[in-house]
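First up is the structure itself, then whatever we jot down about it.
The values are calculated or read from the model by the stated rules, or taken from the named source; none is laboratory data. Everything numeric here is computed off the predicted structure, so don't read it as measured data. When we count neighbours, we look across all protein chains shown, and the Cβ atoms used for this are built from the backbone with ideal geometry, even at glycine. To get the accessible areas, we keep the full protein, side chains included, count just its heavy atoms, and leave off ligands, DNA and RNA. Shrake-Rupley method; radii C 1.70, N 1.55, O 1.52, S 1.80 Å.
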Amino acid sequence: MKSISLNIDKALGVITKKQVNALEPEVKKAMSLLHEKTGKGSDFLGWLHLPSSIREAELEDIETAAGKLRKCEVVVVIGIGGSYLGTKAVVEALNNSFDLLQKKRKNPLIVYAGHNIGEDYLSELCEMLTGVKFGIINISKSGTTTEPAIAFRILKKLLEKNVGNEESKDCIVAITDKTRGALRMLADQEGYKTFVIPDDVGGRFSVFTPVGLLPIAVAGVNIRELVKGAADMEKATDEKVPFDKNIASIYAAIRNLLYRNGKKVEILANFHPKIHYIGEWWKQLYGESEGKDGKGIFPASVDFTTDLHSMGQWIQEGERMIFETVISVEKPDRKMTIPTDEADLDGLNYLAGKRVDEVNKMAELGTQLAHVDGGVPNIKITMPELNAYYIGQLFYFFEKSCGISGYVLGVNPFDQPGVEAYKKNMFALLNKPGYEKESKAIREKL
């Protein structure tokens with residue numbers, strides 16, 4: 001099998017290859033902190049060897065549960081952050097772009113809840129699900145995270161109304177803590193099928209746990225290929241692999257060097273609309289891992305060529321605080337050529353007979369050249385095809401690079417203390433029991 005590849009040639013200029021190589025000792029130290037579990041956040045390194053350690057029995061259990069849920073017309077994945085972004089990224093990348101409009105589909109329609117507190121969104125979702133036999137995959141370690149807990153309470157009531165209390169229990173799967181928490185307690189009481197969120201795997205690194213694998217399997221994606229791709233990349237980015245051959249090490253090194261040279265924003269770009277949500281998953285992975293202690297590259301994402309007509313001007317000529325990482329898919333899954341038109345009023349006959357992807361690839365190359373000429377360092381990640389195997393490779397590559405990069409930056413890549421700030425204010429404003437003191441203080445401030 002081929003592998004995803006990394007090209008940093010167009011990032012050199014602001015920095016040199018010599019400087020990249022000079023960072024090798026720092027990267028090796030960061031790699032050792034990961035593999036020896038001696039760095040900050042080492043209690044959350046369960047993802048590091050996860051792909052190669054997934055057992056056959058685990059995959060069979062997930063596939064069996066997915067098979068039962070596929071009998072439903074719709075399956076709602078309830079979760080927030082890492083509990084849904086990885087799933088959505090894979091499902092959107094590998095399913096038909098117009099799946100919502102398909103009258104005959106092999107697998108249930110996958111929809112999402114618990115990732116916002118939108119009253120209109122939840123109301124419209126319930127309206128769509130009324131009278132429908134739907135399934136629920138509820139993902140929450142505690143069972144008390146506000147957004148998913150609200151969604152589950154509402155959707156559980158609707159499901160019970162649709163199919164009855166007893167039958168509804170067979171349509172709900174809980175992915176939660178092994179022994180503790182409100183969702184674990186409810187699942188045990190109601191007899192839901194359950195899967196465990198490992199204690200040592202944080203949400204943004206959880207796509208290769210049941211958190212991601214179960215809903216991805218329900219969507220009809222081959223999770224064995226996804227895991228195999230990740231396991232192969234685990235091997236390819238091991239600490240024993242030399243620095244100059246280790247794409248995770250090189251990516252981590254060049255990101256930090258660009259950051260030290262004033263490039264404070266990384267834009268993840270793609271020229272394939274189906275991988276939009278890979279960018280969303282990537283933003284959480286790097287933003288939550290590195291944005292702390294007054295440090296960190298700001299992760300942004302764009303979809304080209306669409307965003308060349310909105311953000312292109314700023315990227316080309318705005319403040320030179322950015323660099324770009326482009327995910328390029330080498331081979332499209334389908335084939336479409338541009339037809340000839342006798343009148344040629346649009347002036348496109350010079351493209352007649354060419355594949356749409358050929359035009360897209362020239363747009364990609366032209367954009368890269370223009371942005372590099374405009375002072376934007378460019379890193380290129382190439383995927384041979386858009387399939388489960390290469391997405392597995394890509395996800396693990398980003399995870400491994402993130403751990404290395406965070407340690408080189410000097411932060412704990414595996415905590416997220418800043419996430420709690422809005423929750424404390426929200427609980428105080430809602431007069432949650434136990435927050436009386438905070439409620440009084442915040443209302444005086446307001």
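The listed peptides 113-122, 23-32, 313-322, ordered by packing as a protection proxy, come out as 23-32, 113-122, 313-322 (highest mean of other Cβ atoms within 10 Å first). Taking all protein chains as they are arranged and a probe of 1.4 Å, the heavy atoms of Cys72 leave approximately 10 Å² accessible to solvent. Spatially close Lys pairs in the stretch 292-379, defined by Cα atoms under 25 Å apart and a spacing of eight or more places or different chains, total 4. Surface listing: Lys354, Lys263, Lys240, Lys37 arranged by accessible area from highest to lowest gives Lys240, Lys37, Lys354, Lys263, probe 1.4 Å. For Lys437, a cut-off of 19 angstrom between C-alpha atoms picks up these aspartates and glutamates, skipping any fewer than 8 places away in its own chain: Glu420. Hey, which of these cross-link pairs are over 18 Å Cα-Cα: Lys68/Lys228; Lys2/Lys235; Lys37/Lys240; Lys68/Lys133; Lys240/Lys400? Over 18 Å Cα-Cα: Lys68/Lys228. Look at the alpha carbon pairs under 8 Å that are at least 6 residues apart: their mean separation over the length of the stretch 50-166 gives a relative contact order of 35 percent.
For the residues Gly287, Gly86, Gly164, a GNM of the chain with alpha-carbon springs under 10 Å puts the largest fluctuation on Gly164. Taking the Cα atoms of the stretch 223-295, the ratio Rg/Rh between the radius of gyration and the Kirkwood radius comes to 1.01. Return the single residue from Thr130, Thr382, Thr87 with maximal mean-square fluctuation; model: Gaussian network over the chain, springs between Cα atoms under 10 Å. Of Thr130, Thr382, Thr87, the Gaussian network model singles out Thr130 as fluctuating most. Annotation: Leu430 carries an accessible surface of approximately 120 Å², with a 1.4 Å probe and no ligand, DNA or RNA atoms counted. Highest mean packing comes first when the peptides 59-68, 220-229 are listed by Cβ atoms within 10 Å, giving 220-229, 59-68.
Surface composition of the chain: carbon and sulfur make up 52 percent of the accessible area, probe 1.4 Å.
The aspartates and glutamates within cross-link reach of Lys178, meaning a Cα-to-Cα straight distance under 13 Å and a gap of 8 or more places when in the same chain, are Asp188, Asp199, Asp200. Of the DSSP H helices in the chain, those that are both long (alpha-carbon extent of 30 Å or more along the helix axis) and hydrophobic (Kyte-Doolittle mean at least 0.0) are 388-409.
The Cα center of the stretch 272-316 and the Cα center of the stretch 413-446 differ in position by 29 Å.
Per-residue packing, averaged as other Cβ atoms within 10 Å, sorts the ranges 136-146, 97-107 into the order 136-146, 97-107, beginning with the highest.
Excluding same-chain neighbours fewer than eight residues apart, the aspartates and glutamates reachable from Lys28 by a Cα-Cα span under 13 Å are Glu36, Asp238, Glu239, Asp244.
Considering only Leu69, Met31, His49, and ranking their Cα positions along the charge dipole of the stretch 15-83 that arises from unit charges at the beta-carbon of Lys, Arg, Asp and Glu, the one farthest toward the positive end is Met31. For the stretch 41-82, take the convex hull of the Cα atoms, compute a quarter of its surface area, and give me that in nm², please. Over all viewing directions, the stretch 41-82 projects a mean Cα-hull area of 4.5 nm². Considering only Leu158, Trp281, Leu258, and ranking their Cα positions along the charge dipole of the stretch 150-290 that arises from unit charges at the beta-carbon of Lys, Arg, Asp and Glu, the one farthest toward the positive end is Leu258. Restriction of the chymotrypsin sites (Phe, Trp or Tyr not before Pro) in the stretch 346-446 to DSSP coil positions whose beta-carbon has at most 14 other beta-carbons within 10 angstrom yields no sites. Rounded to the nearest 20, the Cβ-based charge dipole of the stretch 234-296 about its Cα centre (Lys and Arg +1, Asp and Glu -1) stands at 220 debye. An ellipsoid equivalent to the stretch 177-334, defined through the eigenvalues of its Cα gyration tensor, has semi-axes of 33, 20, 19 Å when rounded to whole angstrom and sorted largest first. If you take the alpha carbon atoms of the stretch 340-446 and fit the smallest convex hull around them, that volume is 311 Å³ per residue.
In the calculated pair distance distribution of the stretch 147-218, what percentage of Cα-Cα distances lie above 20 Å? It works out to 34 percent of all Cα pairs.
With contacts taken as Cα pairs under 8 Å and at least 6 residues apart, the stretch 198-346 reaches a relative contact order of 23 percent. Using the rule -39500 (n - 2.57) for each DSSP H run of four or more residues, divided by the residues of the chain, the 222 nm mean residue ellipticity is -14000 deg cm²/dmol. Counting only protein chain heavy atoms and rolling a 1.4 Å probe, the accessible areas of Lys193, Lys235, Lys445 rank, largest first, as Lys445, Lys235, Lys193. Leu48 sits among other residues whose Cβ lies under 13 Å from its own Cβ, and their net charge, with Lys and Arg +1 and Asp and Glu -1, is -4. Extents of the chain, largest first, come to 62, 62, 53 Å (Cα atoms, principal axes, whole angstrom). Here is the size of the stretch 86-240 from its Cα atoms: Rg then Dmax, 16.6, 56 Å.
A Cβ-based charge dipole, computed about the Cα centre of the chain with Lys and Arg at +1 and Asp and Glu at -1, lands at about 780 debye.
What is the projected area of the convex hull of the Cα atoms of the stretch 27-147, averaged over all directions, in nm²?
10.7 nm²
Distance from the alpha carbon centroid of the stretch 89-150 to that of the stretch 370-400 works out to 28 angstrom.
Both the radius of gyration and Dmax for the stretch 156-265 are 20.5, 61 Å, in that order, over alpha-carbon atoms.
If one computes the Cα centroid of the stretch 67-87 and of the stretch 222-264, what distance in Å separates the two points? Spelled out, the Cα-based centre of one part sits 29 Å from the other. Each Cα pair under 8 Å and six or more residues apart adds its separation to the average, and for the chain the resulting relative contact order is 24 percent.
Farthest towards the positive end of the charge dipole of the chain, among the residues Ile4, Gly191, Val356, is the Cα of Gly191, using unit charges on the Cβ of Lys, Arg, Asp and Glu.
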